[in-house]
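As structure tokens, the structure follows; a few thoughts come after it.
The values are calculated or read from the model by the stated rules, or taken from the named source; none is laboratory data. Since we're looking at a predicted model, the values are computed, not measured. Every residue, glycine as well, gets a Cβ built from its backbone with ideal geometry; the counts of neighbours run over all protein chains shown. Just the protein is used for accessible areas: all its heavy atoms, side chains included, with ligands, DNA and RNA removed. Shrake-Rupley method; radii C 1.70, N 1.55, O 1.52, S 1.80 Å.
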Amino acid sequence: MNDMTPRHARKAPATLRHPAELAAAGLVAPGDIAALEQVAARYAVALTPAMAALIDPADPRDPIAAQFVPAATELMITPEERADPIGDGAHEVSPGLIHRYPDRVLLKLVSSCAVYCRFCFRRETVGQGEGLSPAALDAALAYVGDHPGVSEVIVSGGDPLVASPRRLRDLVAALAAVPHVAVVRFHTRVPVVAPERVSDELIAALKADGIAIWVAIHANHPRELTDDAHAALARLVDAGIPLVSQTVLLRGVNDDAETLAELMRAFVRARVKPYYLHHADLAPGTARFRTTIAEGQSLMKALRGRVSGLAQPTYVLDIPGGHGKVPVGPNYLGDDTVEDYRGALHDYPNG
Ligand SMILES: *Cc1c(COP(=O)(O)O)cnc(C)c1O
Ligand code: SF4
């Protein structure tokens, strides 16, 4: 290809899905292809052009590469790791529908994603199979219709925003028709990792009269919030869709105070309210990413002093076995003292 090539004849860069393609892009060593093919046979691989463009191939610790480029250590499972780390199976009431808390359900609409995160808590199921069949979706909608206590439906996956606008529009319309469902929340990485997919058609598909639509945006490093990602997030907010964030605390990616602070500030600039900082789940082959909870707490303390209240997420652990998410600190209150954001203790009659 040279400068004489007509623009329409140039192929748009494609998502990288095979170790050989990653090697051709300079992201893995050719000698590692065979070992990584074994990993890829077990856990899906996908790296979008937007994310591939952010990687510095010369940096062996690149925080974007760490999230998406497979590593041979993924086949090493530690004793505490589990195939279903957050206990989805314990509360699956219909195929693809998890009812863990009284007022909300989680629907796994699709099982594919635009990228595959190497630390994914659902890595044993994402990237395999077709997602929900029409019959399973009908059964899930019937369950929601039969449970008046359910006021919120969280649409997850996989990444629901890889579904076609037509499928999303039909789902939102079906949920809007249920009188007791007031809120639909989509959890997605698409606006950040494939911002070009956030089209007017997609945004229109997410909206319906009589129901509040929220979108939770997953991103883990400030570099992910490119100009294109900012523009995609602005299209959503300007369409009247409120955004919240979720981030996984990841060793080597965002486990230092300045990176986390910059990420949270970038969310706020993009009009995304920081919501959760997830302690990394015990997903198989992900030990290289996990910090201790004590490290997470000290990072949260550093954030408290450093950035606006708007930029503070809640640090949560999803308790293995399906017992739900709980905040895991830090805690500032002692028996008769309270700690300020600088770490100094003050008397406070707490009792
Ligand atoms: C995470 C999760 C939710 C949502 O929890 P929030 O605290 O409301 O964000 C709901 N159901 C299941 C099964 C979940 O895993
Ligand atoms: S986008 Fe979400 S569901 Fe998909 S691989 Fe990443 S963490 Fe898992």
Subject >> Sole exception among (1) open to solvent by 10 Å² or more (accessible area, probe 1.4 Å); (2) out of contact with any Leu (no Cβ under 6 Å at 6 or more places or on another chain) for P195, by number >> reply: (1)
**OP:** Taking only segment 84-106 into account, find how many residues are over 15 Å from the mean Cα position of the chain (by Cα) and within 14 Å of ligand 2 (Cβ to nearest atom).
**Re:** 5
Original post:
Going by the structure shown, is A142 more than 21 Å from G240 (Cα to Cα), outside any loop (DSSP other than H, G, I, E, B) and not aromatic (F, W, Y)?
Top reply: yes
Original post:
What number of residues within segment 196-223 satisfy the criterion of being within 16 Å of ligand 2 (Cβ to nearest atom) and touching a Lys or Arg at 6+ places or on another chain (Cβ under 9 Å)?
Top reply: 6
Original post:
Which one is surrounded by the fewest Cβ atoms within 10 Å (Cβ to Cβ) among residues in segment 85-105 that are in contact with an Asp or Glu (Cβ under 7 Å, 6 or more places away or on another chain) and in contact (Cβ under 8 Å) with a residue 24 or more places away in the chain?
Top reply: D103
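Residues of segment 43-77 being over 19 Å from S112 (Cα atoms) and either of a type in the set (F, W, Y) or open to solvent by 40 Å² or more (accessible area, probe 1.4 Å) (or both), which ones? Walk me through it before giving the result.
Our first condition is that a residue be over 19 Å from S112 (Cα atoms); within segment 43-77, this holds for 53-66, 71-77.
Scanning segment 43-77 gives A53, D56, P57, A58, D59, P60, R61, A72, T73, L75, M76, I77.
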Original post:
Taking A208 and the conditions (1) out of contact with any strand residue (DSSP E or B) (no Cβ under 9 Å at 6 or more places or on another chain); (2) open to solvent by 10 Å² or more (accessible area, probe 1.4 Å), which numbered condition does it fall short on, given that it satisfies the others?
Top reply: (1)
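From the residues in segment 147-166 that are buried (at least 17 other Cβ atoms within 10 Å of the Cβ) and away from ligand 2 (no atom under 16 Å from the Cβ), which one is nearest to C113 (Cα to Cα)?
Filtering segment 147-166 down to residues buried (at least 17 other Cβ atoms within 10 Å of the Cβ) leaves 147, 150, 152-163, 165.
Those left that are additionally away from ligand 2 (no atom under 16 Å from the Cβ): 147, 150, 152-153, 165.
Working: H147: 29, V150: 26, E152: 23, V153: 19, P165: 15 Å.
Here the residue is P165.
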Subject >> Residue that is farthest from A90 (Cα to Cα) [pool: residues in segment 303-351 that are open to solvent by less than 30 Å² (accessible area, probe 1.4 Å) and within 16 Å of ligand 2 (Cβ to nearest atom)] >> reply: V316
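Does segment 316-333 contain at least one residue that is part of a helix (DSSP H, G or I), of a type in the set (S, T, N, Q) and out of contact with any Asp or Glu (no Cβ under 6 Å at 6 or more places or on another chain)?
no
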**OP:** Look through segment 128-139, keep the residues that are in contact (Cβ under 8 Å) with a residue 24 or more places away in the chain and in a helix (DSSP H, G or I), and return whichever of them is farthest from ligand 2 (Cβ to nearest atom).
**Re:** A139
**OP:** Residue by residue through segment 120-136, note down the ones that are touching a strand residue (DSSP E or B) at 6+ places or on another chain (Cβ under 8 Å) and more than 30 Å from P70 (Cα to Cα).
**Re:** A136
